[in-house]
Amino acid sequence: MTRQSSASGEQGVPIEGLQVEGLQIEAYRDGMVALDFEYTVLAANAAACELLAGESAEVVLPCELESFVLPVTPEYEWLQEMVRERKCLRNHVVRVLRSGKERTVLADSYFLRGREGETAGLVVFLKEIGNLVSLERQVQHHEKLATVGKIAAGVAHEIRNPLTSIKGFLQMMRHELERNGMGKEHSYTTVMLSEIERINGLVGELLLLSKPRELKMEALEMEELITVIAPLISSESILHNIEFALDLQPVPAVYADREMLKQVLWNLVKNAIEAMAETDGGKLKIESSYQEREGLVRVDIRDTGPGIPHYMLDRIFDTFFTTKETGTGLGLPICQRLVNDLGGKIQVTSKGFGTTVSVLLPGLVERNQP
């Protein structure tokens, strides 16, 4: 395909280069669509049709833009605006929703030149970059976690040492106040000691982000592990008027650190219980299953709490992001870090009512030898 420059300096694509009349633009692997200034789609290759019109759409070209892309969609709006204002885009990121899946597309457009060199319309090049955007987000997320971890490792001991001294003197003071019958002042020290423990807990959480801990890996039966912590979950549920149920299916063993995995499951359960405590009770269910095709053991923690708004789902693993008044925003990032260290992943789904957090770990399956 050849491109030429207009007198104004803008790059242009000649109609002959597109071979619009013959619709011979399939050689371009990514999406490509040409429009005139009357909102007519002159040409489009299969990739552009699939991205903009949808796989099931039957498109006969040339056609009106509203026949090519549904007018209610964001992609129709930005295409119409581009043609109306006769502007060219460079590295313009757009998000297209198809079959319930969001796809990220990089759009570049150039003026379409007629046979006499006149500006006849616009040609738009569409390159799907969903994987690149996802990878960039992951890299930024891990860099942020690493930065927080380094800060935590540097200041943790500087925080904990004075806290230990304060805690010791407060305990002595508390004992003296109790001995002298100063009940009101005694209650103050109880509150202060509780707050010190909370700070210590926060420092401990920060240290978990600082660097991977030494793992004691072993083959673990998920059913046995969940059964061990079930009484603790049950007692906590009763305190918050929550119904607790288990649905554990036979699954392959996983190769993991026992204490780390218990901590992950307990943290996720606590999140679910706290969410339902806001609605005065609910139902908590833990299910296990095996995704044979992917070879993954799956543990679902389901709650009937208020759910997570869809616009927050992308942020729940961000460090220090929280929707709770007393939350630290470290619980889910820590769980994600620990599960990643075990070679697994965490998924969260919420549809406005109730939330399901899924832990997926590779299963230990013996393959039959030929």
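The values are calculated or read from the model by the stated rules, or taken from the named source; none is laboratory data. What you see is a predicted model; the values in this text were computed from it and never measured. Ideal geometry is used to build each Cβ from the backbone, glycine not excepted, and the neighbour counts take in all protein chains shown. The area values use the complete protein model at the heavy-atom level, side chains included, leaving out ligands, DNA and RNA. Shrake-Rupley method; radii C 1.70, N 1.55, O 1.52, S 1.80 Å.
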Positions within the stretch 218-253 being among the aliphatic types (A, V, I, L, M), surrounded by fewer than 17 Cβ atoms within 10 Å (Cβ to Cβ) and within 16 Å of Thr304 (Cα to Cα), in sequence order
Ile238, Ala245, Leu246
Which members of the stretch 241-255 meet the condition of being more than 9 Å from Leu284 (Cβ to Cβ) and not β-branched (Val, Ile, Thr)?
Asn241, Leu246, Asp247, Leu248, Gln249, Pro250, Pro252, Ala253, Tyr255
Just name the residue that is surrounded by the most Cβ atoms within 10 Å (Cβ to Cβ) out of those in the stretch 40-63 that are polar (S, T, N, Q) and assigned to a loop (DSSP other than H, G, I, E, B).
Asn45
Run down Glu85, Glu64, Glu75 and say which single residue is within 12 Å of Phe37 (Cβ to Cβ) and of a type in the set (D, E, K, R).
Glu85
Taking the stretch 64-119 and the residues there that are of a type in the set (A, V, I, L, M) and touching a Pro at 6+ places or on another chain (Cβ under 9 Å), the one that is surrounded by the fewest Cβ atoms within 10 Å (Cβ to Cβ) would be Leu97
Only one of these conditions is not met by Leu261: (1) open to solvent by 10 Å² or more (accessible area, probe 1.4 Å); (2) modelled with pLDDT of 90 or more. Which number is it?
(1)
Only residues that are modelled with pLDDT of 85 or more and at negative phi: list them for the stretch 79-102, please.
Leu79, Gln80, Glu81, Met82, Val83, Arg84, Glu85
Got a number for residues in the stretch 265-285 being touching a residue at least 40 places away in the same chain (Cβ under 8 Å), surrounded by fewer than 18 Cβ atoms within 10 Å (Cβ to Cβ) and not in a helix (DSSP H, G or I)?
3
If only one of Val94, Val72 is free of Cβ contacts under 8 Å to residues at least 40 places away in the same chain, closer than 25 Å to His310 by Cβ, among the hydrophobic types (A, V, I, L, M, F, W, C) and part of a loop (DSSP other than H, G, I, E, B), which one is it?
Val72
Determine whether Ile229 is modelled with pLDDT of 90 or more and farther than 20 Å from Met217 by Cβ.
no
